[in-house]
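Undergrad: Once you've had a glance at the structure underneath, I'll fire off some questions.
Derivation of every value follows stated rules applied to the coordinates shown; laboratory data play no part. The shown structure was predicted, so the numbers you read here are calculated from the model rather than taken from an experiment. Note: ideal-geometry Cβ built from the backbone for every residue, glycine included; neighbour counts use all protein chains shown.
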Amino acid sequence: MILSLIPSTLRKATPLGYAALGGICSERAGVANIALEGMMLMGAFGYTVSAQATESAWIGLGVGIACGFGLAMLLSGATITFQSEQIVTGVAINILALGSIEYLLPTSERVVGLPELKLPIIGHYSILTYTMPMLILMCHIMLYKTAWGLRLRAAGNSTEALKTLSLSRKRWQYFGVGLSGILAGMGGCFLVSDVNLFTKGIIGGRGYVALAAVIFGNWRPINCVLACLLFGFADSLDLIHQWNIPDQLIKSFPYILTMIVLAGLVGKTRPPAALGKSEN
Amino acid sequence: MYLSIYVFPFLTYEYVLNNQPVPSVHTRNQFHTIQQILNVVFPLTAVLVFFLFCGIVLLLRGESPYAFYLTILKSGFSSFDEFASVLFYATPLIFTGLAVALAFKAGLFNIGCEGQLYIAAFTAAWFGIHINLPSIVLIPLCIVAAMLSGAIWGAIPGLLKVKFGAHEVINTIMMNFIALALTNFLVVSVFREPGQMTLQTEAIHKTARFQRLGEVIPFIKESNLLDASFLLAILCVILTHLFLKYSRWGYELRLVGNASEVAAYGGIKPGRVIVWTMALSGAIAGLSGVSDVMGYRHRFLDSFSSGWGFTGIVVALLGRNHPFGVFAASLLFGLLNKVALDIELELGIPRGLFLVGQGLLIIIMVCMEGFVIKRKR
């Protein structure tokens, strides 16, 4: 019975994984990213509208990514260039995203899904689920094995190091937040393509849950995706109807788990040193 | 001469922020006046941009912004009665705005007003349904119980922050989801009104209801929805102001918000202050739910709030976290909430436009703040 939960866990963990990797990119660069939720929502929205118009999932994916990226640029423009309060700006962007959905409310028609790949034994999943492991690896290599990653981490950890190299902190922060918009947008696209339907509450706090996964995973890609699997598992528990548990309790289980995880009851974590600091 | 009045304050401002010796004629009071000027300039600019934005969107849709502005003015100020309706729509926002502002003063960001007001509203409804006493006892009882439950719901994230260092923002959001699920469960499975399709509880006793002001004040029609919870809101604004400015606890709260370490060396326990501030913030946010249950609907309706907790953030920022500023800002958003309905019906403009505008408004506010204040350092 637990085995039957595995496919659902993978499916639920995929969008969280994308958003969490995005969260890592921006938080490692020193920008606290509460706006993951809004970026996912915008990504999902862009996917829906363009996929409905063109009947092509790939164009949908591209537009979804662009939407997430656009919102990320808004966030980075405000927080990096104008040095606004990062958390408040993030919440504002979430409100903005929700508002634009309500304003431009797309029709609730069926949306084309991304192609699924059928493999023996493993089963069939969306193509974005298969690219996930590759993405984790890429993220890990970029962060820890390349000069880019080094600079990105320096932007969030020791601004002095960047200064001594006479590198612009702002540029690397823009880079990090931009990446997070792209990844979170992909997460949003996956959510729509998975159920072939767009609703206003489709993200349902997954952006925040992903952020909790980032903290739980200690800002490391591999650990964070493992945390996402845990949250995905908690999210798929609603498949179990045998136990006489109220529906609402099962639905809020990921949220409760998030709070437990954030309380550090599962282990202490260490955030990037310059996270949330807005000086250059 | 007039020019010097405008230029002069900004010159001192530069001096203060660059940590240079301020010329002896410029006292510290002048720094305060500059801040006070900015406190007015920032919100006004933001509101102006907000209305301009709405106008531009309407132009893009091919509609006349003029009709839109006219509808807003007409719907808000054409008669005393209309204005009373604006006050009715502003009431819940005053509470949530105050709650967010109070937390901001202590350096905390309470996005959990939505959850806190649901829990408090349900508590108020429960007491109102199950206890039958004369009004003079029952109404305070309901209010206190609701505030207590809101306070508990607010204190949990505060406690988690102090004990485990968990950021209150994510926790309050999670508590929102949990509160929604919890009240939904209670309404659906336990306290649902029999034989009703809508997810709501039974009506509360007549003695637990707030007086409609229209029945007392001659200027307002009897059908007007404005009720006594508005008076409660005014009381709250004044009390919060006195509390922040003149009480010892208010001083501790502001000190923790401005300089947590100084507070600690001064013998204040920042952890304790954080917990009770979150509790107080939750209690005030809870009153927002009380005003809905006891003043308007007289029952608990599942997911009744139209994002008051989130509008509270905008209201607090726009009011510069000052109780009187919050009051003024919630009047504006009360008007917008009232107008949103009219505009959706008459001009066919979706409510989302205002929500987008609100998000934009916050971003502009914090950007101006960051750009003017932080950059100069």
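Undergrad: Of the candidates B:118, B:296, B:246, which one comes out as most mobile in a Gaussian network treatment of chain B with C-alpha springs shorter than 10 Å?
TA: Per the Cα network of chain B with a 10 Å cutoff, B:246 tops the list.
Undergrad: Right, here's the next one. Sort A:47, A:174, A:130, A:255 so that the residue with the fewest other Cβ atoms within 10 Å of its own Cβ comes first and the one with the most comes last.
TA: Starting with the residue having the fewest Cβ neighbours, the order is A:130, A:174, A:255, A:47.
Undergrad: In what sequence do A:190, B:83 fall when counting other Cβ within 10 Å, fewest first? Could the numbers behind the result be given before it?
TA: Numbers: A:190 29, B:83 17.
Starting with the residue having the fewest Cβ neighbours, the order is B:83, A:190.
Undergrad: If you take the alpha carbon radius of gyration of chain A and divide it by 2.2 N^0.38 Å, what ratio comes out, to two decimals?
TA: Numbers: Rg = 18.3 Å, N = 280, 2.2 N^0.38 = 18.7 Å.
Relative to the rule-of-thumb radius for its length, chain A sits at 0.98.
Undergrad: Describe numerically, in nm with one decimal, the distance between label points set 7 Å from Cα along Cα→Cβ at residue A:158 and at residue B:234.
TA: 6.0
Undergrad: Right, something else. With r as the distance between the Cβ atoms of residue A:6 and residue A:56 and R0 = 35 Å, compute the FRET efficiency 1/(1 + (r/R0)^6) and round to 0.05.
TA: Efficiency for this residue pair is about 0.70.
Undergrad: What's the local net charge at residue B:120, with K and R +1, D and E -1, over the other residues with C-beta under 13 Å away?
TA: Result for the local shell: -2.
Undergrad: Give, as ranges by residue number, the residues of the stretch B:222-237 whose backbone N falls under 11 Å from the point 7 Å along Cα→Cβ of residue B:81.
TA: Under cut-off, by backbone N: B:222-225.
Undergrad: Whole percent per 5 Å bin, from 0 to the bin with the longest distance: what is P(r) over all C-alpha pairs of the stretch B:291-377?
TA: Here the calculated profile for the stretch B:291-377 is 3, 12, 17, 20, 19, 15, 7, 3, 2, 1, 0.
Undergrad: Return the Rg/Rh ratio of chain B with Cα-based radii and a Kirkwood Rh.
TA: 1.00
Undergrad: For residue B:74 and residue B:328 in one chain, what is 0.36 nm times their gap in residues minus the Cα-Cα distance, to one decimal in nm? Walk me through the numbers before you get to the answer.
TA: Details: separation 254, 0.36 × 254 = 91.44 nm, distance 1.88 nm.
This chain segment gains 89.6 nm when fully extended.
Undergrad: Report the Cα centroid-to-centroid distance between the stretch B:278-314 and the stretch B:202-269 in angstrom, as an integer.
TA: The two parts, judged by their Cα centres, are 13 Å apart.
Undergrad: Another question, if that's okay. Alpha carbons only, please: Rg and Dmax for the stretch A:97-212, in angstrom.
TA: 18.5, 55
Undergrad: Could you work out the local net charge near residue B:305, counting Lys and Arg as +1, Asp and Glu as -1, over the other residues with Cβ closer than 13 Å to its Cβ?
TA: Values: positive: B:297; negative: B:114, B:292, B:302.
Overall, the nearby charge balance is -2.
Undergrad: Calculate the FRET efficiency for residue A:144 and residue A:73 from the Cβ-Cβ distance with a Förster distance of 35 Å, rounded to the nearest 0.05. Mind showing how you got there, number by number?
TA: Values: r = 26 Å, r/R0 = 0.75.
Result of the calculation: an efficiency of 0.85.
Undergrad: Next up: Pairs B:74/B:105; A:12/B:161; A:200/A:251; A:251/B:338; A:277/B:161: which exceed 24 Å Cα-Cα?
TA: B:74/B:105; A:12/B:161; A:251/B:338
Undergrad: Something else about it: Specify the residue with the greatest mean-square fluctuation among A:36, A:135, A:183, computed from a Gaussian network of chain A linking alpha-carbon atoms under 10 Å apart.
TA: Largest GNM mean-square fluctuation: A:135.
Undergrad: Let me ask something else. For Cα pairs less than 8 Å apart in space and 6+ apart in sequence, what is the mean separation divided by the residue count of chain A, i.e. the relative contact order in percent?
TA: RCO, chain A: 37 percent.
Undergrad: Let me check against my output: what whole-number percent is the relative contact order of the stretch B:108-251, with C-alpha pairs under 8 Å and at least 6 apart?
TA: 24
Undergrad: Hey, fewest Cβ within 10 Å first, where do B:302, B:342, A:235 land in order?
TA: Neighbour counts put them in this order, fewest first: B:342, B:302, A:235.
Undergrad: What FRET efficiency, computed as 1/(1 + (r/R0)^6) with R0 = 22 Å and r the Cβ-Cβ distance, is obtained for residue A:277 and residue B:258, rounded to the nearest 0.05?
TA: Here the calculated transfer efficiency is 0.80.
Undergrad: Could you quote the convex hull projected area for the stretch B:278-327, Cα atoms only and averaged over all directions, in nm²?
TA: The directionally averaged projection comes out at 3.9 nm².
Undergrad: How long is the gain from residue B:265 to residue B:189 if the chain were fully straight, where each residue apart is worth 0.36 nm and the alpha carbon distance is subtracted?
TA: So the chain would gain 22.2 nm between residue B:265 and residue B:189.
Undergrad: Continuing with this model, one more query. Counting pairs of Cα atoms in the stretch B:125-215, how many percent are more than 19 Å apart?
TA: Tail of P(r) above 19 Å: 57 percent of Cα pairs.
Undergrad: Run the numbers on the stretch B:80-348 and let me know its relative contact order in percent, using alpha-carbon pairs under 8 Å that are six or more apart.
TA: Result for the stretch B:80-348 is 41 percent.
Undergrad: Would you give the gap between the C-alpha center of the stretch A:130-196 and the C-alpha center of the stretch A:83-122, rounded to a whole Å?
TA: 19
Undergrad: Now for a separate question. If a helix is a whole DSSP H run, which ones in chain B reach 20 Å or further along their own axis (Cα) and hold a mean Kyte-Doolittle hydropathy of at least 0.5? Working shown, then result.
TA: Working: long enough: B:2-17 (24 Å, 1.13); B:28-60 (48 Å, 1.54); B:80-105 (35 Å, 1.33); B:113-130 (25 Å, 0.79); B:135-164 (43 Å, 1.79); B:168-185 (25 Å, 1.27); B:229-246 (25 Å, 2.00); B:270-290 (30 Å, 1.22); B:323-346 (34 Å, 1.18); B:352-369 (26 Å, 2.11).
Counting only whole DSSP H runs, the qualifying helices are B:2-17, B:28-60, B:80-105, B:113-130, B:135-164, B:168-185, B:229-246, B:270-290, B:323-346, B:352-369.
Undergrad: DSSP loop chymotrypsin sites (Phe, Trp or Tyr not before Pro) in the stretch A:191-250 with at most 14 other Cβ atoms within 10 Å of their Cβ, which ones?
TA: In loop regions of the stretch A:191-250 (DSSP not H, G, I, E or B), the sparsely surrounded chymotrypsin sites (Phe, Trp or Tyr not before Pro) are A:243.
Undergrad: Where in chain A are the helices, taken as whole DSSP H runs, whose Cα atoms extend 18 angstrom or more along the long axis and whose Kyte-Doolittle mean reaches at least 1.0?
TA: Span-like helices here: A:57-76, A:86-103, A:127-145, A:221-235.
Undergrad: Just the number, please: Stokes-Einstein D of the protein assembly as shown in µm²/s, Kirkwood Rh from C-alpha pairs, 25 °C, 0.890 mPa s.
TA: Estimated via Stokes-Einstein, D reaches 94 µm²/s.
Undergrad: What stretch of chain B, leaving out the sites themselves, is the longest with no GluC sites (Glu not before Pro) in a DSSP loop having at most 16 other Cβ atoms within 10 Å? Present the calculation step by step, with values, prior to reporting the outcome.
TA: Numbers: sites that count: B:63, B:222.
Excluding the exposed sites themselves, the longest stretch runs over B:64-221.
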